[in-house]
1. Could you tell me which residue of region A:144-182 is surrounded by the fewest Cβ atoms within 10 Å (Cβ to Cβ), considering only residues that are in contact with a helix residue (DSSP H, G or I) (Cβ under 8 Å, 6 or more places away or on another chain) and acidic (Asp, Glu)?
2. Restricting region A:122-143 to residues that are farther than 22 Å from B:LEU57 by Cα and surrounded by fewer than 17 Cβ atoms within 10 Å (Cβ to Cβ), which is nearest to the other protein chains (Cβ to nearest Cβ)?
3. Keeping to region B:198-221, report how many residues are without any contact (Cβ under 8 Å) to a residue 60 or more places away in the chain, more than 13 Å from A:ALA22 (Cα to Cα) and in a helix (DSSP H, G or I).
4. Which of the residues spanning region A:200-221 are surrounded by fewer than 21 Cβ atoms within 10 Å (Cβ to Cβ), under 17 Å from A:VAL179 (Cα atoms) and within 14 Å of chain B (Cβ to nearest Cβ)?
5. Kindly evaluate A:ALA89 against the criterion of being closer than 15 Å to A:LEU218 by Cβ and buried (at least 24 other Cβ atoms within 10 Å of the Cβ).
6. Starting from residues that are under 24 Å from the mean Cα position of the chain (by Cα) and more than 8 Å from chain B (Cβ to nearest Cβ), keep the ones in region A:100-121 and report whichever is farthest from A:VAL155 (Cα to Cα).
7. Restricting attention to region B:90-116, report how many residues are free of Cβ contacts under 8 Å to residues at least 12 places away in the same chain and either part of a helix (DSSP H, G or I) or closer than 19 Å to B:VAL321 by Cβ (or both).
8. Look at A:PRO178 and say whether it is at the interface with another protein chain (Cβ under 7 Å from one of its Cβ atoms), without any contact (Cβ under 8 Å) to a residue 60 or more places away in the chain and out of contact with any Phe, Trp or Tyr (no Cβ under 9 Å at 6 or more places or on another chain).
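The values are calculated or read from the model by the stated rules, or taken from the named source; none is laboratory data. Worth saying up front: this structure is predicted, and the values here are computed from it rather than measured. In this analysis, Cβ positions are derived from the backbone assuming ideal geometry, glycine residues included, and neighbour counts consider all displayed protein chains.
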Amino acid sequence: MRTRAILQGARYLLIGAVLCIAVFPVLWMFLTSFKRPLEAFTLPPVFLPVPPATESWQWLLWGMSGAEMTFGGLRTERILLLAWNSIVASVSSTGLSLALAIFGAYALARFRFRGRVVLGLMIIGTRMLPPIATVLPFFVLFRSVNLLDTRLCLVLAYTALSIPFAIWMLVGFFREIPVELEESAMVDGCTRLGALFRVVLPLAAPGLAATAILSFLLAWNDFQLAFFLTSDKARTLTLASVIFTGEEGIHWGPMSAFGTAATIPVLVFALFAQKHIARGLTLGAVKG
Amino acid sequence: MHTEHRAAVGDGKHRGRKEEILSVWVGARPVRPEIGEGVTPVRSRAFRAGQVSPYLLLAPSVMYLVVMIAYPWLVTLFVSLHRWEPIRSPGITFVGLGNYQQILADPLFARVLSNTLYLTAVSVGAEFLLGLAIALLLNRDFPGKALVRTLVIVPMMMAPAIAALTWKLFVDVEYGLLNYLLSLVGVGKVLWTSSGSLSIPTVAIVEVWQNTPFAALVFLAGLQAIPEEQYEAAVVDGASWWQCFRFITVPWLRPMMLIVVLFRTIFIIRTFETVLLVLSSSGGPGNSAMVLGTYLFQYAFRFWNLGMGSAIAYAILLVTVVVVALQLVVSTTGKRAEGAI
């Protein structure tokens, strides 16, 4: 009985340690957003800024409500444009890739046809293409049609990378649903596509949500593609971190405020969606 | 029709080699209906009006991918066989395999390749082990479990670029938090980012911090699917914890393990922003940390040598395919051996 208590205690201790390591850098970033420029990067490091300096947040928030303001040479209304670019690119690509992937996944899940295996492998295989290596082909492609540095090219690129992943996951979710349901719907006079929309999609809604969330995150957090395919007009939010590198060094305060603001929505998201994400990752992959 | 949709425990039917590899790649839970089973095959007589061709359903996706992925890659192949440096000269000249030869002859490339493989092996290995450990730790009901699980995946939720910059703060040699903490316990200044031998491990640390939650999440979900009865039966038979782990947990987690390893490998071979942002350069001190991603960046977007860049892109693809193929082969061989026992 004593050993069990000790083991339990050790377990909790370890969990606590893991949590500390996981959360600390984020916490630090949050605290840094309240530091004065000198405090952010000194020796010995300042843990808690007392009293907290709110300049960075004022800059960020005022900027977001449209007021013109600069902070050490940084243009703030640009943040709005970046956020908008990110949102447009992520949401559009998620929507587009889901729309295409739903049909494709349904075909792979419910039909037996020649070339099914090969097509399936090829589609999933494109997921293996490392984006950094995809950057160059995209660059060449978009350059030739003059689409560089536009939101459209980001949407197209993200969709291309999203579709294989979405198909992979959706096939797993679709197969979870018993075929009998669609068959009875079709016996009742539904067409195949009707069955897809009326029976399968509603039932696969959690899976759709998980896939949408992950596709969205993929596009939202992307750095490489945006870095190379945009330069001025279509820059996204993740690249803003590069903005904060000035000649005198990195502006840690504003960058941390910005980083915190960019991370919080994702965290809140995660709180609600973590169950779905885990389920989606494993179901979609294991049940293939 | 098919009533066995909920998988039972079991080892499944005999499979040929092709099915094995497929099932490992696509999923390894046996006794499930085959993809496409339970529905009329396209050619059967039951294919009546109201049905829609699967080719039609797949067409948009496939066409999109062909245009957006296959075509650009072909263009890149084309470019990789030419010399094209837009800044220097507008022309584009055919050089055959010249770019590839240049890559192979470049001493830096050998360094880059070994750096990348080292980073991959170390990061994926660490993420795998730590993720498994964390999943095992968390696989218990305790107060605050949901909160803990959410907090654990926080690193994964941060944009990699921001995470890299935050860690840059920590590992700074002069003012960084890590060195400060170490100095408190008497350890001298560690040259995280300015030493040739430590630059890649530092990048690895950042990657591991950020991506271990992924492994933990996947393993945790897998652990929760294992039926309790298996453990109970084993304990009744007198199995030790290690035996339970080895003969129940591990086989059940095999698909997850493969997912974690493959996923992470594919993603790490292309590491770019972590190196660029943590080390503020493409390769760190003396190019000791240059990886394939930044190597490509340097040639394609610093030197504007698109021919070389394209060739490097194919090199990365090749490396990825080889590594993934190796992993698949190893895992199926392992499965075979286990099935034989």
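1. A:ASP149
2. Start the filter on region A:122-143 by keeping residues that are farther than 22 Å from B:LEU57 by Cα, which leaves A:128-143.
Those still in the list that are surrounded by fewer than 17 Cβ atoms within 10 Å (Cβ to Cβ) too: A:128, A:143.
Numbers: A:MET128: 6, A:ARG143: 9 Å.
Looking at residues that are farther than 22 Å from B:LEU57 by Cα and surrounded by fewer than 17 Cβ atoms within 10 Å (Cβ to Cβ), I get A:MET128.
3. Matching residues across region B:198-221 total 1.
4. Across region A:200-221, the qualifying residues are A:LEU201, A:LEU203.
5. Values: closer than 15 Å to A:LEU218 by Cβ: yes; buried (at least 24 other Cβ atoms within 10 Å of the Cβ): yes.
Against the criterion (closer than 15 Å to A:LEU218 by Cβ and buried (at least 24 other Cβ atoms within 10 Å of the Cβ)), A:ALA89 qualifies.
6. Among residues in region A:100-121 that are under 24 Å from the mean Cα position of the chain (by Cα) and more than 8 Å from chain B (Cβ to nearest Cβ), the one farthest from A:VAL155 (Cα to Cα) is A:ALA105.
7. So the count comes out to 6.
8. On the way: at the interface with another protein chain (Cβ under 7 Å from one of its Cβ atoms): yes; without any contact (Cβ under 8 Å) to a residue 60 or more places away in the chain: yes; out of contact with any Phe, Trp or Tyr (no Cβ under 9 Å at 6 or more places or on another chain): yes.
Yes, satisfied.
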